[in-house]
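Notes follow once the structure below has been shown.
The values are calculated or read from the model by the stated rules, or taken from the named source; none is laboratory data. Everything quoted here is computed from the prediction, not taken from an experiment. With ideal geometry, Cβ positions are generated from the backbone for all residues, glycine too; neighbour counts draw on all protein chains shown. These area figures cover heavy atoms from the full protein model, side chains too; ligands, DNA and RNA do not enter into them. Shrake-Rupley method; radii C 1.70, N 1.55, O 1.52, S 1.80 Å.
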Amino acid sequence: MTITPAAERSIAFAALFNFRDLGGLTTKDGRKVRRRTVYRSDTLSRLGAEDRVAFTALGIRTVIDLRRPAEVASMGRVPEWTQVVWRHNHLDHPLWDHSTYTAEIGVARWLSERYLELAHHGRTDIARVIGMLADDRNGPTVVHCVAGKDRTGLIAALALDLLGVPEDQIAADYALTERSAPAFSNWVRTAFPNEDHTNPPPFYTHTPAEAMMITLHGLRHRHGSVAEYLVAAGLHRERLDRLRTRLLEA
């Protein structure tokens, strides 16, 4: 099975560190996910003048912001110069209790438990976001949270599963976020200078492929499939067909 090299889907920006195209991946039946249609990213509030030409060239029309209201208030929104439609769609879920992490549990298992918790509590919001990705009227779209790791990672994984991308490719795409760990850590130290950054928990920056594999298996075990999970959460089946039509090459 051929997996499109990450370099062909990743897009470099001066102020962003985890921006890439979901297009280019191959489905189980040999079709390709359409390029330049849906992107995933860390927070776009950091975009500056130095990134204006590169971002504008992508023709992005819609930004789906998954951050909590407090995060939006403290970090700001995507800049006005982008002239995008900003769609704020916070995924409702409890704040993570970091004290529950132990080395015995490990990063992959602990993250997968958080993602399944997010999938449960935020199911209505998640179904709404997937529905937005199915809408041609939104044009080229980027989905983001703060680091583009957890909330964005789950949305990307669910969308790719619905398109028929094999789970090893989905997990490999999720794992790519770990390449941005040094840049993310530097940004955190700059953005939150008064906090102690000496021993951050490993799940802050690690994205083992196994975490997303366990998450997908858990959703299938509980709901039968990702599609059935989303339908039960309120997504019309017609939207699933529209998602495939929009995001798969003929």
Point to revise | Sulfur and carbon atoms: percent of accessible area, the chain [1.4 Å] | key: 52 percent
Study note, to complete from the structure: Any residue on another chain or 5+ positions along whose placed amide H is under 5 Å from the amide H of residue 38 is listed here as 22, 23, 141
Review point. Rounded to the nearest 500, what is the chain's calculated 222 nm mean residue ellipticity when only DSSP H runs of at least 4 contribute -39500 (n - 2.57) each, over all residues?
Key: -13000 deg cm²/dmol
Practice item. Send over a whole-number figure in Å² for the accessible area per residue of the stretch 128-250, probe 1.4 Å. Key: 43 Å²
Point to revise | Point-charge dipole on Cβ atoms (K/R +1, D/E -1) for the stretch 1-154, about Cα centre, debye to 20 | key: 540 debye
Check your understanding: Once a ≥ b ≥ c are taken as the square roots of the eigenvalues of the Cα gyration tensor of the stretch 1-121, is the result rounded (a/c under 1.5), prolate (a/b larger than b/c) or oblate (a/b not larger than b/c)?
Key -> oblate
Exercise for review: Could you tell me whether the stretch 166-212 comes out rounded, prolate or oblate from its Cα gyration tensor? Rule is a ≥ b ≥ c as square roots of the eigenvalues, rounded for a/c under 1.5, then prolate if a/b exceeds b/c, otherwise oblate.
Suggested key: prolate
Check your understanding: Between residue 52 and residue 204, what is the label-to-label distance in nm when each label sits 7 Å out along the Cα-to-Cβ direction?
Key -> 3.4 nm
Revision key, fill the gap. Relative contact order of the chain (C-alpha contacts under 8 Å, at least 6 apart) in percent is 25 percent
Check your understanding: Which whole-number percent is the relative contact order of the stretch 137-212 (Cα, under 8 Å, 6+ apart)?
Key -> 35 percent
**Study point:** Dipole of the chain [Lys/Arg +1, Asp/Glu -1 at C-beta], most positive-end residue of 229, 37, 206
**Key:** 37
Review point. So for the pair residue 10, residue 28, with labels modelled 7 Å out along Cα→Cβ, what separation do we get in nm?
Key: 2.9 nm
Review point. Residue 75 to residue 117: extension gain in nm, 0.36 nm per residue of separation minus the Cα-Cα distance?
Key: 12.6 nm
Revision key, fill the gap. Computed from the beta carbon distance with a Förster radius of 41 Å, FRET efficiency for residue 85 and residue 189 to the nearest 0.05 stands at 0.80
Check your understanding: In what sequence, highest mean first, do 97-104, 176-183 appear when ranked by Cβ atoms within 10 angstrom?
Key -> 176-183, 97-104
Point to revise | Within a Gaussian network of the chain (alpha carbon springs, distance under 10 Å), most fluctuating of 153, 59, 224 | key: 224
Study note, to complete from the structure: A student applying the Cα gyration tensor rule (rounded when a/c is under 1.5; otherwise prolate if a/b is larger than b/c, oblate if not) would label the stretch 209-250 oblate
Study note, to complete from the structure: Spelling it out for residue 248: with amide H atoms placed in the peptide plane at 1.01 Å from N, the residues 5 or more places away or on another chain with amide H under 5 Å from its amide H are 34
